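Step one of this worksheet: look at the structure below.
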Amino acid sequence: MRTALQSRKTKETDITISLNLDGGNVNINTGIGFFDHMLTAFAVHGGFGLEVNVQGDLYVDCHHTIEDTGIVLGKAFHEALGDKGGIERYGSFYIPMDESLTFASVDVSGRPFLVFRAEYPQAVVGQYDACMTEEFFRAFAFHSGITLHIRNEYGTNSHHIIEAIYKAVAHALKIAVSQTTDGKTLSTKGSLD
């Protein structure tokens, strides 16, 4: 079973995440409506079972809640992937969302890196600061051990741009973590770490 249960509690956030790479229930509660919407889209489009419960210091702003959720979700992916053997490893995907188009590419390599190219016409969507999208995916990439490239090609609506980003990453990950028939590790080194 490619599953994980991760928790993290600090003075700023208290987070528990359950992940199943092969599907299952999706139940998201972060206290930020748009972020819940994005994580739900991420789980549904990735084909992941994902349960997220976050208590954060939203009286400050959304920063700690979103970034720390990225940390814990990254750790859950790292745990669920184990030694990363028997997966496709690479995945890339384009998502059109009305007037916007976004590309994402991942390498489940054990070498964390993020390249992020996106601009937002509107700075805030609901209670979600658009700039937190990059912070979320940086935390996710570095704690999961994934190389992640995200590029928004164009768009005029921040909601559409951000949603296309989450969905493109989900689809790219779905491809990358899909299981191979031979069960071998896709690396000339023989391991992914």
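Tabulated data for the structure shown
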item: Qualifying residue in segment 53-67 (condition: without any contact (Cβ under 8 Å) to a residue 40 or more places away in the chain and either in contact with a helix residue (DSSP H, G or I) (Cβ under 9 Å, 6 or more places away or on another chain) or more than 24 Å from Thr30 (Cα to Cα) (or both)); result: no
item: Positions within segment 31-48 being farther than 14 Å from Val169 by Cβ, in contact with a strand residue (DSSP E or B) (Cβ under 7 Å, 6 or more places away or on another chain) and touching a residue at least 40 places away in the same chain (Cβ under 8 Å), in sequence order; result: Ile32, Phe34, Phe35
item: Test set (1) touching a residue at least 60 places away in the same chain (Cβ under 8 Å); (2) within 17 Å of Phe140 (Cβ to Cβ); (3) not hydroxyl-bearing (Ser, Thr, Tyr) - Ile28 fails condition number; result: (1)
item: Among residues of segment 92-111, those that are over 17 Å from the mean Cα position of the chain (by Cα) and surrounded by 18 or more Cβ atoms within 10 Å (Cβ to Cβ), counted; result: 3
item: Any hit, segment 19-33, residues being touching a Phe, Trp or Tyr at 6+ places or on another chain (Cβ under 6 Å), within 23 Å of Gln127 (Cα to Cα), at pLDDT 95 or above and buried (at least 20 other Cβ atoms within 10 Å of the Cβ); result: yes
item: Matching residues in segment 66-91 - criterion: being farther than 19 Å from Thr40 by Cβ and either over 13 Å from the mean Cα position of the chain (by Cα) or modelled with pLDDT under 95 (or both); result: Glu79, Leu81, Gly82, Asp83, Lys84, Gly85, Gly86, Ile87, Glu88, Arg89, Tyr90, Gly91
item: Within segment 170-183, considering residues that are in contact with a helix residue (DSSP H, G or I) (Cβ under 7 Å, 6 or more places away or on another chain) and crowded, with 20+ Cβ neighbours inside 10 Å, the one farthest from Thr133 (Cα to Cα); result: Val177
item: When residues of segment 138-193 are limited to those that are basic (Lys, Arg) and modelled with pLDDT under 95, the one farthest from Ile95 (Cα to Cα); result: Lys189
item: Answer from Ala130, Ala118, Ala41 - the residue that is touching a Gly at 6+ places or on another chain (Cβ under 9 Å), over 27 Å from Thr181 (Cα atoms) and surrounded by fewer than 23 Cβ atoms within 10 Å (Cβ to Cβ); result: Ala118
item: Test: residue in segment 75-97 that is at positive phi and without any contact (Cβ under 8 Å) to a residue 40 or more places away in the chain; result: no
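The values are calculated or read from the model by the stated rules, or taken from the named source; none is laboratory data. These numbers were taken from a predicted model, which means no experiment stands behind them. Heads up, the Cβs are rebuilt from the backbone with ideal geometry, glycines too, and the neighbour counts pull from every protein chain shown.
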